[in-house]
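*Asks:* Before we start, here is the structure in question, set down as structure tokens.
The values are calculated or read from the model by the stated rules, or taken from the named source; none is laboratory data. Worth saying up front: this structure is predicted, and the values here are computed from it rather than measured. Reconstructed Cβ throughout: ideal geometry from the backbone, glycine too, with neighbour counts over all protein chains shown.
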Amino acid sequence: MGDVRDYTIEQNWPQYSEEQHAIWRFLFERQERLLAGRACREYLDGLQDLGVAAGGVPDFERLSDILDRKTGWRIVAVPGLVPDDVFFAFLAERRFPSTCFIRRRDQLDYLQEPDVFHDIYGHVPMLMNPVFADYMQAYGQGGLKALRLGHLPQLARLYWYTVEFGLIATREVLRIYGSGILSSAGESVHCLEDPHPHRVHFDLRRVMRTQYYIDRYQETYFVIDSFAELFAATRADFAPIYRDIARLPEIAADQVLPQEHGYRPWRAGKKEGPHLSAARV
Ligand code: PHE
Ligand code: CO
């Protein structure tokens, strides 16, 4: 098993160039406009309370001090994607591994691998929320267990469809909480407004059976009512659940199941969020 310490590097904040800070500010300001009214309250509150992310690539130490006071999480710099066991061990210790590099100007709209904008802007505000912060730690512990049991693909889908691409319906209005969406200009609009993708209520087993693509917008989004619901649904011991679903077929990324109710998308082009269109149809 990899040792988490072997993967920790220095962020070396003074070495970011003015151009790199300008790229951060461009991405930040574009998302600020898109996410007002689209991101969930917990995310927007977390971002505001962090307070130091608007001016340029943040210094992880400063950010960690604010985050640590709120939920006991800290950010650690890593060189890129780390092995699964190392990633889970970090989360289990309330350490969020973040890349340091920022995308280039010709990659502003899309980048397949996470960069510092995705990792920090997308993930860290959610870690300011106490319930979500506990969920992420539990996920890390669950990851180490899934590895031992040989069910990593099933658990990885849970991360994908919640932490990265989750939607939440608060007072009947669909909002974003998934970090992969929050850091993407195109998908922030697509996930709420495009009529094509399916939006169905979160169901743990259903999620664990659902395949996903990493290189295009999601075909299916899973909607929770609250973070308390998500946390409660994942508290059970997953060992028997993994065994159960191993006997069931996988579900394609774009497949709708019989009797599955969808949430209506926002009406395209509407300035404000709809108030009833998140109602399940
Ligand atoms: N309850 C899960 C298990 O037994 C752990 C877990 C919690 C996984 C929360 C993900 C999220 O494996
Ligand atoms: Co991510």
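*Asks:* Tell me, please, whether a residue that is without any contact (Cβ under 8 Å) to a residue 12 or more places away in the chain and of a type in the set (Asp, Glu) can be found in region 76-86. So that I can check it myself, show each step before the final result.
*Replies:* We begin by selecting, within region 76-86, every residue without any contact (Cβ under 8 Å) to a residue 12 or more places away in the chain; these are none.
No: region 76-86 contains no residue that is without any contact (Cβ under 8 Å) to a residue 12 or more places away in the chain and of a type in the set (Asp, Glu).
*Asks:* Further question: Among Pro258, Pro265, Pro197, which is the only one that is away from ligand 1 (no atom under 16 Å from the Cβ), at pLDDT below 95 and either under 20 Å from the mean Cα position of the chain (by Cα) or surrounded by 15 or more Cβ atoms within 10 Å (Cβ to Cβ) (or both)?
*Replies:* Pro265
*Asks:* Another question, if that's okay. Could you check how many residues of region 123-176 are over 14 Å from the mean Cα position of the chain (by Cα) and not in a helix (DSSP H, G or I)?
*Replies:* 8
*Asks:* Sticking with this structure for a sec: State whether the residues of region 56-72 include one that is out of contact with any Cys (no Cβ under 7 Å at 6 or more places or on another chain) and modelled with pLDDT under 95.
*Replies:* So in region 56-72, the residues out of contact with any Cys (no Cβ under 7 Å at 6 or more places or on another chain) come out as 56-72.
Narrowing further to those that are modelled with pLDDT under 95: none.
No, region 56-72 contains no residue that is out of contact with any Cys (no Cβ under 7 Å at 6 or more places or on another chain) and modelled with pLDDT under 95.
*Asks:* Is there a residue being touching a residue at least 12 places away in the same chain (Cβ under 8 Å) and within 28 Å of Ala236 (Cβ to Cβ) anywhere in region 99-119?
*Replies:* no
*Asks:* Gln107: under 27 Å from Leu192 (Cβ atoms), over 15 Å from the mean Cα position of the chain (by Cα) and of a type in the set (S, T, N, Q), yes or no?
*Replies:* yes
*Asks:* Same structure, new question: Just give me the residues in region 73-83 being of a type outside the set (Lys, Arg) and out of contact with any Gly (no Cβ under 7 Å at 6 or more places or on another chain), in sequence order.
*Replies:* Residues satisfying the conditions are Trp73, Ile75, Val76, Ala77, Val78, Pro79, Gly80, Leu81, Val82.
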